[in-house]
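Everything on this sheet refers to the single structure shown next.
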Amino acid sequence: MDERRQRRACIIGAGVAGLVTAKVVKNDGFHVSIFEKNATVGGVWAPTRAYPGLRTNNPRETYAFSDFPYPETTGDFPTASQVMDDLASYAEHFRLTPHLHLDTEILSVSRTAAKSNAPHAGFEVRSRRVYASADETRQHFDFVVICNGVFSVPRLPQIDGIQRFAGPVLHSSQIRKPDVLRGQRVVVVGAGKSALDCASFAAKEGTSSTLVFRSPHWMLPRYIGRVRVDRFAFLRVSVAPYYPPYHAVGRTERALRAVAAPLLWLGRKAASRLVVRLSGMPAVMVPDYPHVAGA
């Protein structure tokens, strides 16, 4: 193979990971092709997956590309549409748009053996347009990077007797408009970010909102009083005691950690109680482990 030939890289997924990977690989001199099953970039932030009221849990400074910050007009905790707009602007700014293959799903990825005219093994990628299932394209790449994420397919648990329930059963990503919950008695299963968001939204739009979960885990509020949560919860002095030791820790640090262990334990307990008190967290939502361990 002619070593001067530009190596080709296939990027599967055009969410946050896919776009930043494509940008880095492109800057390294590869020709990139970005395949995205949806009609837009954005991944979990795409309009087809964003439920009403969705916004980041992280402050905008900690959920942004280091070389492409949000506009100054963006709120402290960007909404789904603001994140989506930023990702689209990112793709345009770094000239990734011409490399996008939207509405295109990957059917298979298989290794190809090295040949006399191509001594380096590569990959054959089979794809097709979502709305043209009869058409199939085969392309060869030197590298494949999978960036489809772990939340690309909604997962609804199997619940005994659910077929007898007369109302709709929806995944959070299937709630597109507020009208779906308006005036309804809503039960939300789970206690993660999307569950708490949906339960809060249902409490405002629905007749009632009930949250059902197996066990609670820590979800810090975005604000405690008028103070943004990261102003005290994410400070170096606040989280440093929770960092695990370095893999090659020396005797001195090992001894100091052993001596400080009881104090660190008390610090974790005190921090957890402080969060509960300042945020007004009900007792049923308080986990039985320190808050940093569950962050």
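Coordinate-derived values only; no laboratory data. Treat the numbers as computed from the prediction; the structure is a model and nothing was measured. Cβ sites come from the backbone with ideal geometry, for glycine too, and all protein chains shown count toward neighbours.
If amide H atoms are built 1.01 Å from N in the plane of the peptide, which residues on other chains or at least 5 residues away come under 5 Å of the amide H of V32?
Long-range HN contacts for V32: A9.
Can you tell me the orientation of helix 251-279 relative to the chain, as the angle in degrees between its alpha-carbon axis and the longest Cα principal axis, to the nearest 10?
Approximately 70 degrees, to the nearest 10.
Which value in deg cm²/dmol, rounded to the nearest 500, describes the helix-derived mean residue ellipticity at 222 nm for the chain, given -39,500 (n - 2.57) per DSSP H run of n ≥ 4 and division by the residue count?
-8000 deg cm²/dmol
Cα axis of helix 80-93 to longest principal axis of the chain: angle in degrees, 0 to 90, nearest 10?
On a 0 to 90 degree scale, this one is about 30.
Ranked highest first by average number of other Cβ atoms within 10 Å, how do 279-287, 213-221 line up?
Highest mean packing first, the order is 213-221, 279-287.
What do you get for Rg/Rh over the chain if you use C-alpha atoms and the Kirkwood form of Rh?
1.04
Taking square-rooted eigenvalues a ≥ b ≥ c of the alpha carbon gyration tensor, is region 158-214 rounded, prolate or oblate, where a/c under 1.5 means rounded and, failing that, a/b exceeding b/c means prolate? Kindly include the intermediate steps, with their values, before the conclusion.
Details: a/c = 1.57, a/b = 1.18, b/c = 1.32.
Since a/c reaches 1.5 but b/c is at least a/b, the shape of region 158-214 is classed as oblate.
Around V130, which amide H atoms from residues at least 5 apart in sequence, or from another chain, sit under 5 Å from its own amide H, with H modelled in the peptide plane?
T104, E105
Report the relative contact order of the chain, percent, no decimals, based on alpha-carbon pairs under 8 angstrom and at least 6 residues apart.
Relative CO of the chain lands at 16 percent.
Below 8 Å, C-alpha to C-alpha, sequence gap of six or more: please give me the relative contact order for region 8-146 in percent.
Relative contact order, region 8-146: 27 percent.
Taking the number of other C-beta atoms within 10 Å as the exposure measure, put Y90, Y63 in order starting with the fewest.
Y63, Y90
Amide H to amide H under 5 Å from T112: which residues, 5+ apart in sequence or cross-chain, H placed 1.01 Å off N in plane?
For T112, whose amide H was placed from the backbone, the distant partners under 5 Å are G122, F123, E124.
Quick one: length gained pulling D160 to Q6 fully straight, 0.36 nm per residue minus the C-alpha distance?
Values: separation 154, 0.36 × 154 = 55.44 nm, distance 5.49 nm.
49.9 nm is the gain from fully extending D160 to Q6.
Multiply the residue gap between N27 and F65 by 0.36 nm, knock off their C-alpha separation, and tell me the result in nm, one decimal place.
12.1 nm
Using Cα atoms only, what is the angle between the long axis of helix 16-27 and the major principal axis of the chain, expressed in degrees (0 to 90) to the nearest 10?
Tilt relative to the chain: about 40 degrees.
Find the centroid of the Cα atoms in region 11-43 and in region 168-237, then give the distance between the two in whole Å.
Value for the Cα centre distance between the two parts: 30 Å.
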